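Asker: The structure under discussion is supplied below as structure tokens; questions concerning it will follow.
The values are calculated or read from the model by the stated rules, or taken from the named source; none is laboratory data. Computed from a predicted structure; not experimentally measured. Here the Cβ is made from the backbone with ideal geometry for all residues, glycine too, and neighbour counts use every protein chain on show. These accessible areas exclude ligands, DNA and RNA; they are computed on the full protein's heavy atoms, side chains included. Shrake-Rupley method; radii C 1.70, N 1.55, O 1.52, S 1.80 Å.
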Amino acid sequence: MSDLEAPLVRPKRKKIWVDYFVQFRWIIVIFVVLPISFTLYFLTYLGDVNSEWKSYEKRQKEHEENVKKVIKRLEQRNPSKDGLVCTARKPWIAVGMRNVDYKRARHFEVDLSSFRNILEIDQERMIAKCEPLVNMGQITRATVPLNLALAVVAELDDLTVGGLINGYGIEGSSHLYGLFSDTVVAYEIVLSGGRVVRATKDNEFSDLFYAIPWSQGTLGLLVSAEIKLIPIKEYMKLTYTPVRGSVKELGQAYINSFAPPFGVEDPEKVPDFVETMIYNPTEGVCMTGKYASKEEAKKKGNKINSVGWWFKPWFYQHAETALTKGEFVEYIPTREYYHRHTRCLYWEGKLILPFADQWWFRYLLGWLMPPKVSLLKATQGEAIRNYYHEMHVIQDMLVPLYKVPDALEWVDREMEVYPLWLCPHRLYKLPLKTMVYPEPGFEQQCRQGDTPYAQMFTDVGVYYAPGPVLRGEVFDGAEAVRRMESWLIENHGFQPQYAVSELNEKNFWRMFDAGLYEECRKKYGAVGTFMSVYYKCKKGRKTEKEVQEAEQAQVDVPYAEIE
């Protein structure tokens with residue numbers, strides 16, 4: 001029997017005080033986190049409404065004034081005395097799971113908190129110009145009534161334009177448009193010396209344009225972006241298809257649900273949205289969506305499901321009903337569909353509040369959901385944070401589409417995390433080699449879902465407590481992540497940097513390509529001003545000495561070569 005097939009035997013784990021604190025953490029969440037979260041959501045909404053009432057001219061004037069403040073602040077920095085530049089945003093406010101420990105060391109803060117306006121919605125150019133703190137809830141409120149939307153709308157309301165560009169953003173439409181950063185047509189960046197540049201794919205700053213995605217804000221300060229808009233309709237016609245079989249067969253069923261043969265692109269047959277949820281090693285539900293008009297949705301016999309109401313069943317549980325009642329079709333209001341996973345944070349809400357999916361809670365207190373991720377982080381100490389790193393998995397595995405069955409088998413074997421989220425995305429063949437890139441020669445393989453200009457990848461979302469933890473067995477979360485990262489490197493996969501990583505510097509640059517990034521770091525003066533992307537993502541606290549060393553450190557470029 002191979003190692004892959006051999007069953008793992010794990011001893012029982014002894015409970016410690018943190019286990020009991022986590023078990024009853026729902027008390028703090030209900031009486032502290034949820035009320036404050038709701039208040040913050042409401043205040044943010046009022047701020048967004050106030051912004052919408054301003055004329056585009058006034059917003060642009062405020063933007064220009066705020067950019068001048070950023071430039072002035074950078075000019076105040078003494079490179080020999082002050083620390084590296086970073087934003088003034090508090091560590092716990094970030095939505096990602098990393099501890100943002102780099103901000104606990106010496107640093108020079110630049111306040112970007114005012115950059116939260118939609119500057120323009122240009123219906124002629126089909127472009128939305130947004131500041132970096134504009135979030136997905138805000139942009140869909142402004143665009144959907146116009147029957148427009150960003151080409152890629154990340155699911156959670158709180159995810160911001162800046163985070164999705166500098167980090168990672170995906171949605172069910174990414175099999176058509178790529179990652180969020182692929183839909184950006186121009187960046188406005190403040191460089192280290194205070195110079196403001198507009199980078200596009202075909203101007204003098206084209207190298208910077210291609211280097212910014214995944215750079216985590218380490219090349220300059222993003223102050224606005226022009227993002228592609230697409231025409232949409234009022235409803236999403238969603239088809240739920242149950243699939244059964246071995247874990248590898250589920251992976252292939254997912255591929256078959258949307259991916260045409262190599263090079264075949266028929267808009268009538270390719271869905272507008274794709275996602276699949278794997279509920280256990282033998283069952284999953286594939287979902288494909290097509291935009292539909294309100295006239296079509298309201299035809300006699302069609303079912304409309306407004307999933308956005310607070311009392312509705314959580315979306316992933318609603319989709320799971322296809323396993324018992326078979327394939328079905330329904331129409332969901334488009335904006336509600338975009339944010340279908342917000343209320344329950346995919347399925348993480350079940351761990352945060354074990355009873356929050358019950359009908360009585362949904363009707364009585366469901367309107368308070370979801371808790372803000374930032375507040376959840378703010379109310380946990382270091383011991384709790386470390387506990388989650390060991391006993392919880394929040395990771396995304398970006399793998400070539402044809403390797404999805406193998407990836408699912410690996411997760412089932414090593415982590416036993418369910419449900420799993422599958423969402424495809426194109427990885428384009430670009431003029432310059434960026435940090436993430438398709439497999440060399442993929443276009444000669446003519447694989448299902450690929451085209452001559454882009455390789456199809458898939459995000460395998462692994463979010464939940466592993467099976468061994470739920471059974472009370474010993475589980476080494478850090479070691480499991482190390483094995484996952486090794487598997488990704490061996491299979492030309494990538495790990496989004498919002499997650500907690502165990503990669504050392506050498507392996508980080510085996511996973512990602514350093515060439516263009518390091519060239520732009522030197523060319524645009526980022527070295528010695530902004531922390532390197534590896535160091536910014538590195539797990540653990542940073543000391544003053546480490547920061548000083550990082551200012552002088554240069555990435556060993558050969559690490560970027562994958563052998």
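Asker: Which condition from (1) of a type outside the set (A, V, I, L, M, F, W, C); (2) within 30 Å of A465 (Cβ to Cβ); (3) in contact with a strand residue (DSSP E or B) (Cβ under 7 Å, 6 or more places away or on another chain) is the one that P271 breaks?
Answerer: P271 satisfies every listed condition except (2).
Asker: Still on this structure, please answer the following. Go through (1) open to solvent by less than 10 Å² (accessible area, probe 1.4 Å); (2) more than 27 Å from V527 (Cα to Cα) for V197 and report which single condition fails.
Answerer: Evaluating V197 over (1) open to solvent by less than 10 Å² (accessible area, probe 1.4 Å); (2) more than 27 Å from V527 (Cα to Cα) leaves (2) as the failure.
Asker: Let me ask something else about it. Quick one: S374 ticks every box in (1) closer than 23 Å to Y418 by Cβ; (2) under 17 Å from the mean Cα position of the chain (by Cα); (3) open to solvent by 10 Å² or more (accessible area, probe 1.4 Å) except a single one, so which number is it?
Answerer: (1)
Asker: Could you check R385 against (1) surrounded by fewer than 17 Cβ atoms within 10 Å (Cβ to Cβ); (2) of a type in the set (D, E, K, R); (3) in contact with a strand residue (DSSP E or B) (Cβ under 8 Å, 6 or more places away or on another chain) and say which number it fails?
Answerer: With respect to (1) surrounded by fewer than 17 Cβ atoms within 10 Å (Cβ to Cβ); (2) of a type in the set (D, E, K, R); (3) in contact with a strand residue (DSSP E or B) (Cβ under 8 Å, 6 or more places away or on another chain), R385 is out only on (3).
Asker: Kindly establish whether L323 is at pLDDT below 95 and of a type outside the set (S, T, N, Q).
Answerer: no
Asker: Tell me which of these T140 doesn't satisfy, since it passes every other one: (1) in contact (Cβ under 8 Å) with a residue 40 or more places away in the chain; (2) closer than 25 Å to L221 by Cβ; (3) assigned to a helix (DSSP H, G or I).
Answerer: The failed condition is (2).
Asker: Now for a separate question. Of the conditions (1) surrounded by fewer than 24 Cβ atoms within 10 Å (Cβ to Cβ); (2) touching a residue at least 60 places away in the same chain (Cβ under 8 Å); (3) closer than 24 Å to L112 by Cβ, L221 clears all except one; give me its number.
Answerer: (1)
Asker: Of the residues that make up segment 353-363, is at least one aromatic (F, W, Y), part of a helix (DSSP H, G or I) and under 23 Å from the mean Cα position of the chain (by Cα)?
Answerer: No: segment 353-363 contains no residue that is aromatic (F, W, Y), part of a helix (DSSP H, G or I) and under 23 Å from the mean Cα position of the chain (by Cα).
Asker: Evaluate segment 301-308: report whether one residue or more is modelled with pLDDT of 95 or more and among the hydrophobic types (A, V, I, L, M, F, W, C).
Answerer: yes
Asker: Out of the residues in segment 245-285 that are of a type in the set (A, V, I, L, M, F, W, C) and assigned to a loop (DSSP other than H, G, I, E, B), state the one that is modelled with the lowest pLDDT.
Answerer: That would be V264.
Asker: So in segment 34-61, with the set limited to residues that are charged (D, E, K, R), in a helix (DSSP H, G or I) and surrounded by 12 or more Cβ atoms within 10 Å (Cβ to Cβ), which one is nearest to the chain's Cα centre (by Cα)?
Answerer: Here the residue is D48.
Asker: Any chance you could count how many residues in segment 518-548 are at positive phi and modelled with pLDDT under 70?
Answerer: Here the count works out to 1.
Asker: Filter segment 9-28 down to the residues that are part of a loop (DSSP other than H, G, I, E, B) and either within 28 Å of the chain's Cα centre (by Cα) or assigned by the TED database to the domain that holds E390 (or both) and list them by number.
Answerer: Correct list: R25 only.
Asker: Looking only at segment 266-289, which residues are open to solvent by 20 Å² or more (accessible area, probe 1.4 Å) and among the hydrophobic types (A, V, I, L, M, F, W, C)?
Answerer: Correct list: V270 only.
Matching residues to (1) of a type outside the set (D, E, K, R); (2) assigned to a strand (DSSP E or B); (3) not assigned by the TED database to the domain that holds L401:
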{"position": "F115", "(1), (2), (3)": "yes, no, yes"}
{"position": "L119", "(1), (2), (3)": "yes, yes, yes"}
{"position": "A128", "(1), (2), (3)": "yes, yes, yes"}
{"position": "P132", "(1), (2), (3)": "yes, no, yes"}
{"position": "V153", "(1), (2), (3)": "yes, no, yes"}
{"position": "I170", "(1), (2), (3)": "yes, no, yes"}
{"position": "D182", "(1), (2), (3)": "no, no, yes"}
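Asker: For segment 421-430, indicate whether the set of residues that are within 21 Å of Q216 (Cα to Cα), open to solvent by 20 Å² or more (accessible area, probe 1.4 Å) and of a type in the set (S, T, Y) is non-empty.
Answerer: Yes, segment 421-430 contains a residue that is within 21 Å of Q216 (Cα to Cα), open to solvent by 20 Å² or more (accessible area, probe 1.4 Å) and of a type in the set (S, T, Y).
Asker: Inside segment 324-352, can you point out the residues that are surrounded by fewer than 17 Cβ atoms within 10 Å (Cβ to Cβ) and outside any loop (DSSP other than H, G, I, E, B)?
Answerer: Correct list: T324, K325, F328, V329.
Asker: If I go through segment 451-476 residue by residue, how many of them are more than 20 Å from the chain's Cα centre (by Cα) and open to solvent by less than 20 Å² (accessible area, probe 1.4 Å)?
Answerer: The qualifying residues number 6.
Asker: Would you mind finding the one in G263, G251 that is touching a residue at least 12 places away in the same chain (Cβ under 8 Å) and open to solvent by less than 20 Å² (accessible area, probe 1.4 Å)?
Answerer: Of G263, G251, the one residue that is touching a residue at least 12 places away in the same chain (Cβ under 8 Å) and open to solvent by less than 20 Å² (accessible area, probe 1.4 Å) is G251.
Asker: Output yes when any residue across segment 149-160 is over 17 Å from the mean Cα position of the chain (by Cα) and either surrounded by fewer than 20 Cβ atoms within 10 Å (Cβ to Cβ) or more than 24 Å from V274 (Cα to Cα) (or both), and no when none is.
Answerer: No, segment 149-160 has no match at all.
Asker: Pick from segment 488-514 the residues that are open to solvent by 30 Å² or more (accessible area, probe 1.4 Å) and within 29 Å of K350 (Cα to Cα): which of them is farthest from the chain's Cα centre (by Cα)?
Answerer: My answer is E502.
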